[in-house]
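Asks: My questions all concern the structure below.
Just so it is clear, none of the values below were taken in a lab; they were calculated from the coordinates. Computed from a prediction, not measured in an experiment: that's the story for all the values here. Positions of Cβ are generated from backbone atoms using ideal geometry, with glycine treated the same way; all protein chains shown enter the neighbour counts.
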Amino acid sequence: MTVLADRPEGFRRVAQALAERGHRHAPRWLDVSARTCAEAADALGVQVGQIAKSVIFRRRSDGVAVLVVASGDRRVDEGKVAALVGQGPDDLGRADAAFVKQQTGFSIGGVSPLAHARPPVVLVDRELFRFGEIWAAAGHPNGVFCLSPDELLALTGAPAADVVQA
């Protein structure tokens, strides 16, 4: 097994953050890239809904990153997210790859729900509570970690919210 020092910086940062918080599961390195929810679910042998995908938006009024951690089988509703973060529907947009990297320190496909370069506003999809066990990105497309929805709330300090399309 490869030691942690041989892993990319983002993966090490998430591993350290999880350890500091006493999380019961260390991040896992997959032999295959899991940039999409389907790839992650296939690699882990779980349902697509158990993948806690990280979707980053940019609040146009102040440039703050808004992270929505959503169930992999659901589509995020930008209007609901905008209303929850106190913005009009035209003030929230999808973030480009450069903004995601600058704000989180992670590349798209490996954005973790914690250990960001700059703390974002975070919302957690209540649909994740359909599952006892979920999997989130661990700072790299090959990195994941296991947790429960309640642990996700505790790790991020975020509320569970209705953020997906009906």
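Asks: Please compute the Kirkwood hydrodynamic radius of the range 16-146 from all pairs of different C-alpha atoms, in Å with one decimal.
Replies: 14.9 Å is the Kirkwood radius here.
Asks: Same structure again: Each residue of the range 27-39 in turn: what ³J(HN,Hα) in whole Hz from Karplus with 6.51, -1.76, 1.60 and θ = phi - 60°, glycine and Pro shown as x?
Replies: Taking θ as phi minus 60°, the curve returns x, 10, 9, 8, 6, 10, 6, 10, 6, 10, 5, 5, 4 Hz for the range 27-39.
Asks: So, with +1 on the Cβ of K and R and -1 on the Cβ of D and E, and no other charges, what is the size of the charge dipole of the chain about its Cα centre, to the nearest 20 debye?
Replies: Taking the Cα centre of the chain as origin, the dipole is about 280 debye.
Asks: Spelling out what I want: for every residue of the range 142-149, take phi, set θ = phi - 60°, compute 6.51 cos²θ - 1.76 cosθ + 1.60 (Karplus), and round to whole Hz; glycine and proline get x.
Replies: 9, x, 9, 9, 9, 6, 9, x
Asks: Which FRET efficiency value, to the nearest 0.05, is calculated for ASP90 and ARG126 with the Förster distance at 30 angstrom and r the Cβ-Cβ distance?
Replies: The pair ASP90/ARG126 has a calculated efficiency of 0.75.
Asks: Can I ask one more? If you plug each phi of the range 155-166 into the Karplus form 6.51 cos²θ - 1.76 cosθ + 1.60 with θ = phi - 60°, what whole-Hz ³J(HN,Hα) values come out, in order, with x for Gly and Pro?
Replies: Ordered by residue, 3J(HN,Hα) equals 5, 9, x, 9, x, 7, 8, 7, 10, 10, 5, 5 Hz.
Asks: Once the dipole of the range 4-161 is set up with Lys and Arg at +1 and Asp and Glu at -1 on Cβ about the Cα centre, which of ALA83, PHE129, SER61 lies farthest towards its positive end?
Replies: Result: SER61, furthest along the dipole toward the positive end.
Asks: Whose amide H sits under 5 Å from the amide H of ASP77, counting only residues 5 or more places off or on another chain, with H placed in the peptide plane?
Replies: Those qualifying (amide H under 5 Å, at least 5 residues apart or on another chain) are VAL164, GLN165.
Asks: What's the FRET efficiency of GLN47 with ALA98 using the Cβ-Cβ distance as r and R₀ = 41 Å, to the nearest 0.05?
Replies: Efficiency at R0 = 41 Å is approximately 0.80.
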